[in-house]
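Chemist: I have a structure I would like to understand better, so I am pasting it below and will then ask my questions one at a time.
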Amino acid sequence: VTMPVSRARRLRDLLESNQLEFIMEAHNGLSARIIEEAGFAGIWASGLALSAAFGVRDSNEASWTQVLEAVEFMADATTVPILLDGDTGYGNFNNLRRLVTKLESRGVAGVCIEDKLFPKTNSFIDGERQALADVDEFCGKIRAGKDAQRDPDFCIVARVEALIAGWSVEEALERAKAYHAAGADAILIHDKAPRFDNIQRFADAWDQRCPLVIVPTKYYSTPTDVFRSAGISLAIWANHSIRASVTAMQRTAREVHDNQSVAGIEDRIAPVSEIFRLQGDDELRDAERRYTGSD
Ligand code: SPV
Ligand code: MG
């Protein structure tokens, strides 16, 4: 008898495989299902996309339990592993412990936490240099999270914001080494530069100590093979589902408003039957036959 492989195990396998893997952003049950159907072996539950879908800012305006509820819908709608963007862990080490416990109970495979201060600010928002967490405090948070997990495969990814905050590659390396020593299963090295150079330098010096994760939002024109040669384990397409849906909804809404008719768009949008399919309506029809004897 073969045991089904847990989602946490599959996320761990994505991180630890010796090839470059990809996951993509989703922000609710429907988008999560679409990402899985497209063939992705995992899903990024993006803080930016979740908050945008709620209509609030990426500044911890949605509470952690509201995020938990959204990610639970995503887990229910899918079978692939979900890595939650857990921002700073929504507080101190104790808040992270509670988050990890709740995520495991909801079938979420792992969480990524970043070394910033609560309430966080999105990494791409210009302004003052963003303040980073104290290294020892962040390491304690990682250790507390690792001690809290019951499934040994649950993954904690530590995200280094040093490059975003304008610090050097050396500072980023020091922090990453400390987070790895504290028990992080992988390091997400983030940057907002249009070029991959600093992450390349980081990856060269990192020398495969543990898996590296990247978010190629700003250096999107860098060929994927460059990430592969740099030894990156996981690339996250972090916000492209919500951005695609915003463009589609804006165009559609404008056109319907201006034309006072939906006749012109009918052929360009998903039919209602496709919505039913994505909702898994077939299964309910079958269940009705099975449990009520009706047809
Ligand atoms: C997110 O998707 O919310 C992220 C990635 O954290 S970024 O927006 O690039 O900071
Ligand atoms: Mg985020």
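Chemist: Using the Cβ atoms and a cut-off under 14 Å, what net charge is assigned to the surroundings of residue 268, where Lys and Arg are +1 and Asp and Glu are -1?
Modeler: Working: positive: 251, 254; negative: 255, 266, 267, 274.
Around residue 268, the charge tally is -2.
Chemist: List the relative contact order of the chain as a percent without decimals, with contacts defined as Cα pairs under 8 Å and 6+ residues apart.
Modeler: 19
Chemist: Moving on. Suppose we keep just the alpha-carbon trace of the chain; what are its Rg and Dmax in angstrom?
Modeler: 20.3, 68
Chemist: Please build a GNM for the chain, connecting alpha carbons under 10 Å apart, and tell me which residue among 13, 115, 185 fluctuates the most.
Modeler: Per the Cα network of the chain with a 10 Å cutoff, 13 tops the list.
Chemist: Around residue 210, under 14 Å between beta carbons, what's the net of Lys plus Arg minus Asp minus Glu among the other residues? It would help to have the intermediate numbers written out before the result.
Modeler: Numbers: positive: 12, 146, 159, 175, 177, 209; negative: 16, 185, 207.
Residues near residue 210 contribute +3 overall.
Chemist: Further question on the same structure: If I build a Gaussian network model for the chain, linking alpha-carbon pairs within less than 10 angstrom, which residue out of 36, 274, 25 has the largest mean-square fluctuation?
Modeler: Result: 274 has the largest fluctuation of those listed.
Chemist: Also, I was wondering about something else. Hey, in the GNM for the chain with a 10 angstrom Cα cutoff, which one of 275, 34, 43 fluctuates hardest?
Modeler: 275
Chemist: If you build the convex hull over the alpha carbons only and average its shadow over all orientations, what do you get for the stretch 61-170? Give it in nm² to one decimal.
Modeler: 7.4
Chemist: What nm distance separates the two modelled labels at residue 151 and residue 129, each placed 7 Å from Cα along Cα→Cβ?
Modeler: 4.1
Chemist: For each pair in 116/192; 141/192; 146/177; 116/177; 102/141; 141/177, compute the distance between the two Cα atoms and list the pairs where it is over 19 Å.
Modeler: 141/192
Chemist: Compute and list, largest first, the equivalent-ellipsoid semi-axes of the stretch 122-267 from the alpha carbon gyration tensor, each √(5λ) rounded to a whole angstrom.
Modeler: Numbers: eigenvalues 267, 70, 52 Å².
Over the Cα atoms of the stretch 122-267, the ellipsoid semi-axes are 37, 19, 16 Å.
Chemist: How much length is gained on full extension from residue 41 to residue 168, taking 0.36 nm per residue of separation minus their Cα-Cα distance?
Modeler: Full extension of this stretch gives 42.4 nm more.
Chemist: Related question: With equal scatterers on the alpha carbons only and no solvent term, can you work out the Debye log10 of I(q)/I(0) for the stretch 1-137 at 0.11, 0.20 1/Å?
Modeler: For the requested q values the scattering log ratios are -0.41, -1.23.
Chemist: Tell me the label-point distance for the pair residue 220, residue 262, using the 7 Å Cα-to-Cβ offset, in nm and rounded to one decimal.
Modeler: Roughly 3.0 nm, to one decimal.
Chemist: Filter the chain for me: DSSP H helices, axial length by Cα at least 15 angstrom, mean Kyte-Doolittle hydropathy not below 0.0. List them by residue number.
Modeler: Span-like helices, by this rule, are 64-76.
Chemist: Now a separate question. Can you tell me the relative contact order of the stretch 1-80? Whole percent, Cα pairs under 8 Å, sequence separation 6 or more.
Modeler: Once normalised by length, the contact order is 34 percent.
Chemist: Moving on. May I ask you to compute the full-extension gain from residue 287 to residue 13, defined as 0.36 nm times their residue separation minus their alpha-carbon distance, rounded to one decimal in nm? Write out the running numbers ahead of the final one.
Modeler: Details: separation 274, 0.36 × 274 = 98.64 nm, distance 3.44 nm.
Length gained between residue 287 and residue 13: 95.2 nm.
Chemist: Which whole-number percent of Cα pairs in the stretch 186-295 have a distance greater than 16 Å? Write out the running numbers ahead of the final one.
Modeler: Values: 4334 of 5995 pairs.
Distances greater than 16 Å cover 72 percent of the Cα pairs.
Chemist: If one puts a single equal scatterer on every Cα of the stretch 254-295 and applies the Debye formula without solvent, what log₁₀ I(q)/I(0) results at q = 0.20 Å⁻¹?
Modeler: The calculated log intensity ratios at q = 0.20 Å⁻¹ are -0.68.
Chemist: Could I ask something else about it? Convert 20 °C to kelvin, take the viscosity as 1.002 mPa s, use the Kirkwood radius over C-alpha pairs of the stretch 124-185 as Rh, and evaluate the Stokes-Einstein diffusion coefficient in µm²/s, rounded to a whole number. The partial results should precede the final answer.
Modeler: Values: Rh = 12.6 Å.
Result for D is 171 µm²/s.
Chemist: Given only helices, namely DSSP H runs of n ≥ 4 each adding -39500 (n - 2.57), what is the per-residue ellipticity at 222 nm of the chain, to the nearest 500 deg cm²/dmol?
Modeler: -14000 deg cm²/dmol, from helical runs alone.
Throughout, read-outs are computed from the coordinates displayed, never taken from laboratory work. Predicted, not measured: the structure shown is a model, and the values here were computed from it. Glycine also receives a Cβ, built like all others from the backbone with ideal geometry; neighbour counts cover every protein chain displayed.
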